[in-house]
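The values are calculated or read from the model by the stated rules, or taken from the named source; none is laboratory data. In this text, all values refer to a predicted model and were calculated from it rather than measured experimentally. In this analysis, Cβ positions are derived from the backbone assuming ideal geometry, glycine residues included, and neighbour counts consider all displayed protein chains.
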Amino acid sequence: MISFLPAGSAEQQLLRYSELFSVCFPASPKFSLPALHWLYAENPDGTVVGFDAFDGDLLVAHYVCIPAAVRLAGRTVRALLSLNTATRPSHQGKGLFSKLAEMTYQAAAEQGYECVYGVANANSTPGFVRKLGFQLVEPLAAKVGLGGLGGDLQGVDRQAQFQRVWSPESLRWRCSNPANRVDGWAFGGCHAFHARALSSLVPAYAELSAELPMPTVSRPLTPLRLYIGLRPSGTCRFSSYVDIPDRLRPSPLNLIFRPLSVSDERLEAGQIHFSFLDFDAY
């Protein structure tokens, strides 16, 4: 018989999760014990919200979201970023993920979270939209280029209907990811961030307004950059960047969104500020 328990960040729970991830995603550094402890237990915005499924004593499925502060239509609200999910191969096709997700969102709403968002690939997007009631907001842009992105970051902040709100503590935590450290430097009135992506020579790249202290100071080895994200329409020139052709992308990535407190709230395409810092690709 399948039973369900809340997910958590205790050492014994993390050991169970690490074992399950090793079965489902062999050799991924994202699911090492240090990386899981960082993600599940050390986030200044709160510990994970989610549920586990057990067949007897065996963990067979797991789903968690991590807390985040976001600015939504001018208000700073408590939100969840949909992240880790895994189902043991012997128990796939039994609807466990959908059950865990709905339990998670109900618990999150009861705890005062207002929305859940995430990044889904082409295979998982239809399930989130049709089965779990998510809105497909828009695909993330994927570009390669040289140097800064161009544009007015203060204008980005003014026009964005939705964006992550970073505190000094949460930004410091994000940059300390043991599976893929994020470094950065200040230039031209903004902070630039980079992390290993395609290689050390083509790092993932993002920019934030310079209102927060810079947690680390380090420039990338080359001016080549990979940008994955969204900017409000008309706020960024991308003059030295080109789109990556669809055929060269591993999978299109889509921003998805589900309100938890106001059932009809939707995000508007072209009004989003989102970068690699805001999810777990790098």
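List the strands (runs of 3 or more DSSP E) inside segment 1-84, counting only whole elements, that have at least 3 residues being surrounded by fewer than 17 Cβ atoms within 10 Å (Cβ to Cβ).
Once the strands (runs of 3 or more DSSP E) in segment 1-84 are filtered for at least 3 residues that are surrounded by fewer than 17 Cβ atoms within 10 Å (Cβ to Cβ), what remains is 2-6.
Yes or no: segment 117-128 includes at least one residue that is among the hydrophobic types (A, V, I, L, M, F, W, C), modelled with pLDDT of 95 or more, more than 30 Å from Pro220 (Cα to Cα) and assigned to a helix (DSSP H, G or I).
yes
For segment 251-282, how many residues are touching a Pro at 6+ places or on another chain (Cβ under 6 Å) and of a type in the set (A, V, I, L, M)?
Summing the residues that are touching a Pro at 6+ places or on another chain (Cβ under 6 Å) and of a type in the set (A, V, I, L, M) in segment 251-282 gives 0.
When you go through (1) closer than 27 Å to Gly74 by Cα; (2) surrounded by fewer than 17 Cβ atoms within 10 Å (Cβ to Cβ) one by one for Gly118, which number turns out not to apply?
(2)
Inspect segment 171-184 for any residue being touching a helix residue (DSSP H, G or I) at 6+ places or on another chain (Cβ under 7 Å), at negative phi, assigned to a strand (DSSP E or B) and among the basic types (Lys, Arg) and give the result as yes or no.
No, the conditions are met nowhere in segment 171-184.
Condition check: of a type in the set (D, E, K, R) and touching a residue at least 40 places away in the same chain (Cβ under 8 Å). Does Asp157 satisfy that?
Yes.
Taking the options Pro213, Pro252, name whichever one is out of contact with any Cys (no Cβ under 9 Å at 6 or more places or on another chain) and either closer than 29 Å to Gly127 by Cβ or among the polar types (S, T, N, Q) (or both).
Answer to the check: Pro252.
Would you please name the residue that is nearest to Gln106 (Cα to Cα), looking only at residues in segment 63-72 that are out of contact with any Gly (no Cβ under 7 Å at 6 or more places or on another chain) and touching a residue at least 40 places away in the same chain (Cβ under 8 Å)?
Selected residue: Ala68.
Condition check ((1) in contact with a Phe, Trp or Tyr (Cβ under 6 Å, 6 or more places away or on another chain); (2) of a type outside the set (Phe, Trp, Tyr); (3) farther than 22 Å from Ala68 by Cβ) across all residues:
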residue: Leu221; (1), (2), (3): no, yes, yes
residue: Arg225; (1), (2), (3): yes, yes, yes
residue: Arg231; (1), (2), (3): no, yes, no
residue: Phe238; (1), (2), (3): no, no, yes
residue: Asp243; (1), (2), (3): no, yes, yes
residue: Arg258; (1), (2), (3): yes, yes, no
residue: Ser263; (1), (2), (3): no, yes, no
residue: Arg266; (1), (2), (3): no, yes, no
residue: Phe274; (1), (2), (3): no, no, no
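Go through segment 85-115 and count every residue that is under 19 Å from the mean Cα position of the chain (by Cα), without any contact (Cβ under 8 Å) to a residue 40 or more places away in the chain and under 23 Å from Pro26 (Cβ atoms).
2
What strands (runs of 3 or more DSSP E) completely inside segment 210-282 contain at least 3 residues that are of a type in the set (A, V, I, L, M) and under 20 Å from the mean Cα position of the chain (by Cα)?
253-259
Among the numbered criteria (1) among the hydrophobic types (A, V, I, L, M, F, W, C); (2) more than 20 Å from the chain's Cα centre (by Cα); (3) more than 22 Å from Gln159 (Cα to Cα), which single criterion is violated by Ala204?
(2)
Given the options Gly118, Gly145, Gly133, name the one that is of a type outside the set (A, V, I, L, M) and over 19 Å from the mean Cα position of the chain (by Cα).
Gly145
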